[in-house]
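Reading through the structure tokens given below for one structure.
Read-outs throughout are calculated quantities, based only on the coordinates presented, and are distinct from any laboratory measurement. Remember, predicted model here, so these are calculated numbers, not experimental data. Neighbour counts run over all protein chains shown; Cβ positions are idealised from the backbone, glycine included.
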Amino acid sequence: MTDGAVNAARRGWLRDLRRLAVFTGKRLLALLVTVLIGVYLTIVIANMGGQVDDLRLAQIETTAAEAVRADPAFHDLPSAERTELVEQQVALEVERLRLDEPFIWRSFDYLYQAMILDLGRAEEMHSDAGSRQVFNIIAERLPATLLLFGTANLLVFFVAVFAALGLSRRYGSALDQSVIGLAPSSAAPGWFYGIFLILLLAFIWPLFPAGGMVSVPPPEDGWAYASSVLRHMALPVLAMFISQIFISIYSWRTFFLIHSSEDYVEMARAKGLPDRLIEQRYILRPTLSPIVTSFLLMLIGLWSGAIILEQVFNWPGLGTLLFEAIGHRDTPVIIGSVVIFAYLLAITVFVLDFLYAILDPRVRIEGGRS
Amino acid sequence: MFDLRRLLPLLILALLAVAIAGTLWMGGRGVDQGAAPTVQPGDASERRGALVDEVVFTVESDPGRITALIERGSHHLFGQGLDSATLFRQIQASPAVGHHFSRGSVAELTLNPAEFEDGQLNPFADREIREAVNWLVDRSHIAEELYGGLATPRYLPLNTAFPDYARLAGPARELEIRYRHDAERARRVIGERMEALGAEQRDGRWFHDDAPVSIRVLIRTEDNRERVGDYVANRLEDLGFETERLYRTADEATRLWIASDPAAGRWHVYTGGWISTVINRDVGGDFNYYYTPRGRPDPLWQAYDPDPELDELAERLERREYQSVEEREELMARALELAMKDSVRIWLVDQQSVWPHAANLEVAVDLAGGVTGSGLWPYTLRFRDGVGGRVVIGTPSMLTEPWNPVAGSNWIFDQMILRSLSDPAALADPFTGLYRPQRIARARVTVEEDAPVGRTLDWVELESVERIEVPGDAWLRWDAAEGRKVTVDEAEPEGLTARSRTEIEFHDGYLDRYWHDGSRVSVADMILPWILTFERADEDSALFDPGHVPTFSVYERHFRGWRITDTDPLTVEVYSDQVFPDAENLVANRVPATQPWHVLGLGIEAERQGDLAFSTGQADRRGVEQTNLVGGPALEILRDYLRAARAAERLPFEETLSEWVDPEEIRERYAALEQWQAERGHFWVGDGPFYLHRVRAVEGSLVLRRFEDFPDPADKWLRFAEPRIPEVSVDGPLIAELGEAVSLDLDIRFGGEPYPHEDIDEVRWMLFDGDDRLARRGELEPDAEGRWRLHLDAEILDALGTGANSLEFAVTATPVALPAFATHAFATVPGGRVPQPRADPAEEGDD
């Protein structure tokens, strides 16, 4: 290779790296701003623009007054002293929750802490084990959520993709028609099927537990524990599977059918290439980017859990946690859940930008040659 | 050749299926190792401690599934009272499910009595209109239709299940009849007053200043009060008011009715509710709370302007400024009358909460607090068909906050569990609220002569003296700076007096009992919590907690010292300026708290070093975890402190406690705790009939097991498993001739058996004439076993004249606070007109 060619190649690399750096910087900045706006909106909405402070103050006053009223030790206190006692208790709580500071200042503080992923301390809630750290509160529920929703969603995803691929080859068959016919069943959410499954398979024919993550009391033996968890997962997984599988198969099937009718696929068929080769090289490979995108978004979607389904099955997951946090108006826990989801989403989007380039040769950084 | 890629998905599926099947098979083998203890035939009196072997608490947040879960056998008891008529019907329909009732919740209408700033007419600013609302609402309809029978009509600021209602049964009945539903009277009174206030009625609608008079009804939506709100709004519309219905949840409503200025006119009527989780034996203070500005500092209360007489009575009753029980009853009766005239609150119903349980399960349920409020549940829980076995209790939540004995979780569901882990010196009777001794052999209460204290049970002696001197060697306070106790002689050289002295002699062998970890109970367990009370309130202490100061200052205000006068048996004297109307409850409140010093000491050291804090507030201020003896990051910290304490043989507040603890005990205690923690995974050590076996926080499960070294026989409290509410029926003539005397028989039974006379406190009767005026009243004397006879002589009947009359009977019994009522209606006719039929002796209930 001549020096000129080497220099040209080096310049090309440098130019690509510069473009890559600029692209990366822009994407990161855009994603960061998006996360920032999303988190701040969450803070403002969760606090109803600061109106929650009034609610909490009224709650604190009521709780303190009722606690003093209910305690026989205070029954013979003169009213003035009882009122003073209530006011002291209220003042301590106001100080603890920083309700004496304007909401706007606290909102920026919440934002700063969230953005640096300092999840901090919950204001009202504790983890099940008794920790006040938001990280512990969330981390404690994460395994149960990942186990249940991971199992169900992975099952739905892979079964749907493989089944859809198969159906796309049998377009118009009885099976294909059946799946299309069943697709509207996914209009009902998982918890809806869950209720019926509990009724049928837990109460009428008691084959499975009605709820919870493990039997009561939890077995001491590891195998028995795992076995119990599996049995407790059966109904919620089945409920989620029923509610999602047909629409998923239908969507992927339609997606594959569209790609199966592309000109280059027709050309491959015309050339007499085997079906399996056509499927792998001409259908699956060009559609890999959407499949991966869907897969990754499904994975980060696990983070949010499902509030009602968890309630129906008494499953100790993140959905219930978020529900409880909203009920308690525990801003740090709400923000903690949201900011982690926001960062996971941002990272996923960021990674997908690069994955697209790897998976699909047509994708290039802006300004590059196609 | 096989296409491996084609088979790959099938292969993965097959492997997955094998893994699941393998896990299930292995798990199935393991299940046998943890089989549930079974119920065995046996005699409760031959067993010690709890009647069942194991209690498992599990989170079950959906009350709608409880009936099915009990029928399925997976649950036996639900730790939450239900107020849904639909669920109650399910429970009633199931032979496998039984139920108990509790009566601690009340529904009422809070009326806004303020004059509105914008000049709009607020009808409820008028006292007579407020009073007339009592006639407007049909409480029987509310109880029967809106609450589906799960409620009892209530007219007065007295819970119908509490002792004061029984004590005041006579005047209460009179008022209930005076204020019973009379829509026409309500319309007339309200109409007259509205016109007097300048309003006029056009086409049946009220106008003021040419604008319709609109009533904003603030309606709570979470429970039956939504229907109550609609009912009240409908009745107001019937009278010609416009209504605006504001449907709100608790939080949203709080902003309006408590946080807003009532004069701003944002609401007129609020569907309020109150809960008592324990039987309140003295509700005299309620007048002050519910009817005067002294009740609470909130704006609504500041708008209250009670009649000066009510104001004064409320204050006297709150301060207990009366000399005798009779005087108190007179004050209460008058206060009730005035409160009804004031009517800033319209009391509607006492709700009955349903506590479902398996039909073959027995448990003592508190009349007010239900299962969760029952102090006796750990001592009475059992299967009817034997002893032992496992009981599974569903509870809406548990471990809501960290558990520690100083400032840990006080959530009712956690408290229910905690009650089974400790063995208090006295336990509250679930049906009367009176304390009974558990570890106390005898107690003597001495009060100053003017202190209104009475005694009911014979385990307490009560005497009055002119003056009570506190002995000089009694401990008055703790000096945190010097780390020593301060005696009365040192702090008050001139001497100190107290309003009450309580001498408590514990059972022989009180100090020979064991904590759950095998440590023997010691006097130091009683002294350390007292020291800690002072340390946490002292700014010089490393344990200072600002959140503790307000309650401590109240304690300090009445505490006048204590001393240990003997250790064989353990006897203590406590001096205080605080008294309670019942000597039994005064003793229970004066018993010094006990906690295992070796466990408490670890928490103290961890807080002193800034690693943990007992209270939530202090933990937040310091940015550390709250001390939690049963889970979370605190466990690891406590383990470190345990290792260090064991190595150093550390005794907290050594200079004081070393008098009671020898080095051998220190070694034994830490060794026992270390083993306990290693086996159970937590630090909660108690002395109750159950010990905490296992905590699985995330799974929402907690296991208690029977403490086999518990000193008492298992049947000790069994007589409290069922409330002995008298069943009353009246047998008497339906028609009485003037000029003739008549007799009526009152039959009082329980479970078909005659109610013992010695257990009947009082049987009162009230005779009302045709205009519902009280004509005569009195008390009955027993006639035969379970039978009481009323003789009305001719003179009394003649005074009634001809017409329809009614007799009301109120029966109060000592085993239960809930009074029973019976009504008998009869007509008086001129003499010689008709034969004398008698009514069937059927039970006639209230309202």
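Relative to one another, the C-alpha centroids of the range B:180-247 and the range B:86-155 are positioned 16 Å apart.
Between the residues B:THR292, B:VAL354, B:ALA314, the greatest Cα displacement towards the positive end of the dipole of the range B:266-385, with unit charges on the Cβ of Lys, Arg, Asp and Glu, is found for B:VAL354. Of the complete DSSP H runs in chain B, those spanning 18 angstrom or more by Cα along the long axis with a mean Kyte-Doolittle score not below -1.0 are B:4-31, B:183-196, B:325-342, B:634-648. Across the range A:73-90, coupling constants 3J(HN,Hα) worked out from phi with the 6.51/-1.76/1.60 Karplus curve, θ = phi - 60°, read 4, 9, 5, 8, 6, x, 4, 4, 6, 5, 4, 5, 4, 4, 5, 5, 5, 5 Hz, and Gly and Pro carry x. Cβ-to-Cβ counts within 10 Å put B:TYR510, B:TYR290 in ascending order as B:TYR510, B:TYR290, the fewest first. Grouping the Cα pair distances of the range A:50-100 into 10 Å bins from zero gives a pair-distance distribution of 26, 49, 21, 4 percent in increasing distance order.
Applying the criteria of a DSSP loop state and at most 16 other Cβ atoms within 10 Å to the chymotrypsin sites (Phe, Trp or Tyr not before Pro) of the range A:167-198 yields A:TYR171. In a simple Cβ point-charge model (Lys, Arg +1; Asp, Glu -1; nothing else charged), the protein assembly as shown has a dipole of about 8520 debye relative to its Cα centre.
GNM on chain A, alpha-carbon springs under 10 angstrom: the most fluctuating residue among A:VAL333, A:VAL351, A:VAL156 is A:VAL351. Under the criterion of Cα pairs below 8 Å and six or more residues apart, the relative contact order for the range B:443-683 equals 20 percent. Let me make sure I get this right: for chain A, a, b and c are the square roots of the gyration tensor eigenvalues over alpha carbons, sorted descending. Under 1.5 in a/c it's rounded, otherwise prolate if a/b > b/c, else oblate. Which is it? The shape class here is oblate. Only Cα pairs within less than 10 Å get springs; with that Gaussian network setup on chain A, which residue of A:ALA164, A:ALA346, A:ALA91 has the largest fluctuation? Largest GNM mean-square fluctuation: A:ALA91. Between B:VAL391 and B:GLU54, B:VAL55, B:VAL56, the built amide H atoms are under 5 Å apart, and every one of these is 5 or more places off in sequence or on another chain. Under the convention that each Lys and Arg Cβ holds +1 and each Asp and Glu Cβ holds -1, the size of the dipole of the range A:50-100 around its Cα centre is about 140 debye. For B:ALA358, the residues whose amide H sits under 5 Å from its own are B:LEU77, B:GLY98, ignoring neighbours fewer than 5 places away on the same chain, with H placed 1.01 Å from N.
Note on chain A: GNM, Cα springs under 10 Å; of A:VAL338, A:VAL237, A:VAL68, the largest mean-square fluctuation is that of A:VAL68. Taken residue by residue and averaged, Cβ atoms of other chains lying within 10 Å of the Cβ of B:20-27 number 6.
Net charge of the neighbourhood of A:LEU99, taken over other residues with C-beta under 12 Å away and scored Lys/Arg +1, Asp/Glu -1, is -3. When shorter helices are ignored and each DSSP H run of at least 4 residues is given -39500 (n - 2.57), the per-residue value for chain A at 222 nm works out to -24000 deg cm²/dmol. Averaged over peptide A:66-74, the number of partner chain Cβ atoms lying within 10 Å of each residue's Cβ comes to 5. Highest mean first, the peptides B:14-24, B:764-774 sorted by other C-beta atoms within 10 Å per residue fall in the order B:764-774, B:14-24. Only Cα pairs under 8 Å and at least 6 apart count here; give the relative contact order of chain B as a rounded whole percent. Relative contact order comes out at 15 percent. Taking Cα centroids, how far is the range B:701-774 from the range B:249-290 in Å? Taking the Cα centre of the range B:249-290 as reference, the centre of the range B:701-774 is 33 Å away. Scaled against 2.2 N^0.38 Å for its residue count N, the alpha carbon radius of gyration of the range B:727-829 is 1.08.
Phi-derived couplings, Karplus 6.51 cos²θ - 1.76 cosθ + 1.60 at θ = phi - 60°, listed residue by residue for the range B:792-807: 9, 7, 4, 4, 5, 5, 4, 5, 6, x, 7, x, 8, 10, 9, 10 Hz, with x used for Gly and Pro. Dipole of chain B computed with +1 at Lys/Arg Cβ and -1 at Asp/Glu Cβ about the Cα centre; of B:SER464, B:GLY681, B:ALA443, farthest Cα towards the positive end is B:GLY681. By the count of other C-beta atoms within 10 Å, a proxy for reagent exposure, B:ASP568, B:ASP282 are ordered fewest to most as B:ASP568, B:ASP282. Could you grab the relative contact order for chain A? Cα pairs under 8 Å, six or more apart, rounded to a whole percent. Averaging sequence separation for qualifying contacts and normalising by length gives 24 percent for chain A. Summarising the amide proton neighbourhood of B:TRP478: residues at separation of 5 or more, or on other chains, whose placed amide H is nearer than 5 Å comprise B:VAL486. Between the listed residues B:ALA14, B:LEU236, B:ALA143, the Cα displaced farthest toward the positive end of the dipole of the protein assembly as shown, a dipole computed from Cβ unit charges relative to the Cα centre, is found at B:ALA14.
As an equivalent ellipsoid, the range A:69-228 spans semi-axes of 50, 25, 18 angstrom, where each value is the square root of five times an eigenvalue of the C-alpha gyration tensor, largest first. Charges were assigned to the Cβ only: +1 to each Lys and Arg, -1 to each Asp and Glu. The resulting dipole of chain B about its Cα centre is roughly 3160 debye. A cut-off under 9 angstrom between Cβ atoms defines the neighbours of B:PRO596, and their net charge, with Lys, Arg +1 and Asp, Glu -1, is -2.
For chain A, leaving out every one of the GluC sites (Glu not before Pro) that falls in a DSSP loop and has at most 14 other Cβ atoms within 10 Å, the longest unbroken run is A:1-219.
Each part reduced to its alpha carbon centroid, the range A:101-135 and the range B:630-689 end up 34 Å apart.
Over chain B, DSSP H runs of length four or greater, each weighted -39,500 (n - 2.57), average out per residue to a 222 nm ellipticity of -9000 deg cm²/dmol. By other beta-carbon atoms within 10 Å, ranking B:SER74, B:SER324, B:SER61, B:SER409 with the fewest at the front produces B:SER324, B:SER61, B:SER74, B:SER409. Taking the protein assembly as shown, how much of its Cα-Cα pair set, in percent, is spaced more than 43 angstrom apart? For the protein assembly as shown, the share of Cα pairs beyond 43 Å comes to 52 percent.
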